[in-house]
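Asker: What follows is a structure written as structure tokens; I'll ask about it next.
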Amino acid sequence: MRAVDDSSPRYAAVLQVLLTWKQLPESDVVRMLRNYYLVTDDFREMEDQGLLTMNFLGDEYIIVPTLVGRLWLEQYNSEEKK
């Protein structure tokens, strides 16, 4: 049997926080979602998929959800309700 790493719940949690706050520093997102072990590479992976954007400001990244991220979260939530 193979282990499958499904990042969908983690992505959904990140996007839900970002949709509430519109944009946040990376450290705030990590602090709000302590039950997930999030590192910068997780956010970069989400950026590569078009779910969010990361802009370096000061000494850390500011993370902003994209339209694709909003649509992904809507689809994820509708599939979870089934």
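Asker: Do we find a residue being under 9 Å from the mean Cα position of the chain (by Cα) and not aliphatic (A, V, I, L, M) anywhere in the range 66-80?
Answerer: Yes - at least one qualifying residue is present in the range 66-80.
Asker: Right, here's the next one. Give the residues of the range 19-53 that are on the phi < 0 side of the Ramachandran plot and charged (D, E, K, R), sorted by residue number.
Answerer: Of the range 19-53, the ones on the phi < 0 side of the Ramachandran plot are 19-21, 23-49, 51-53.
Selection gives 26, 28, 31, 34, 41, 42, 44, 45, 47, 48.
Asker: Taking the residues in the range 10-40 that are part of a helix (DSSP H, G or I) and free of Cβ contacts under 8 Å to residues at least 12 places away in the same chain as candidates, determine which candidate is surrounded by the most Cβ atoms within 10 Å (Cβ to Cβ). Walk me through how you get there before you give the answer.
Answerer: Let us first name the residues in the range 10-40 that are part of a helix (DSSP H, G or I), namely 10-21, 26-32, 40.
Then keep just the ones that are free of Cβ contacts under 8 Å to residues at least 12 places away in the same chain; that gives 20-21, 28, 30-31.
Values: 20: 10, 21: 14, 28: 15, 30: 18, 31: 11.
Restricting to residues being part of a helix (DSSP H, G or I) and free of Cβ contacts under 8 Å to residues at least 12 places away in the same chain, the top hit is 30.
Asker: Moving on to the next point. Do you know which residues across the range 57-82 are polar (S, T, N, Q) and either over 18 Å from residue 20 (Cβ atoms) or buried (at least 16 other Cβ atoms within 10 Å of the Cβ) (or both)?
Answerer: 66, 75, 78 - these are the residues of the range 57-82 that are polar (S, T, N, Q) and either over 18 Å from residue 20 (Cβ atoms) or buried (at least 16 other Cβ atoms within 10 Å of the Cβ) (or both).
Asker: Something else about it: Among residues belonging to the range 41-56 that are touching a residue at least 24 places away in the same chain (Cβ under 8 Å) and part of a strand (DSSP E or B), point out the one that is surrounded by the most Cβ atoms within 10 Å (Cβ to Cβ).
Answerer: Per the criteria, the residue is 52.
Asker: Still on this structure, I have one more. Whether any residue in the range 59-75 is without any contact (Cβ under 8 Å) to a residue 24 or more places away in the chain, at positive phi and not in a helix (DSSP H, G or I) is what I want to check.
Answerer: Within the range 59-75, not a single residue is without any contact (Cβ under 8 Å) to a residue 24 or more places away in the chain, at positive phi and not in a helix (DSSP H, G or I).
Every read-out reported here was derived from the displayed coordinates using simple, explicitly stated rules and does not represent laboratory data. If you're wondering where the values come from, they're calculated on a predicted model, not measured in any experiment. Every residue, glycine among them, receives a Cβ derived from its backbone with ideal geometry; neighbour counts consider all protein chains shown.
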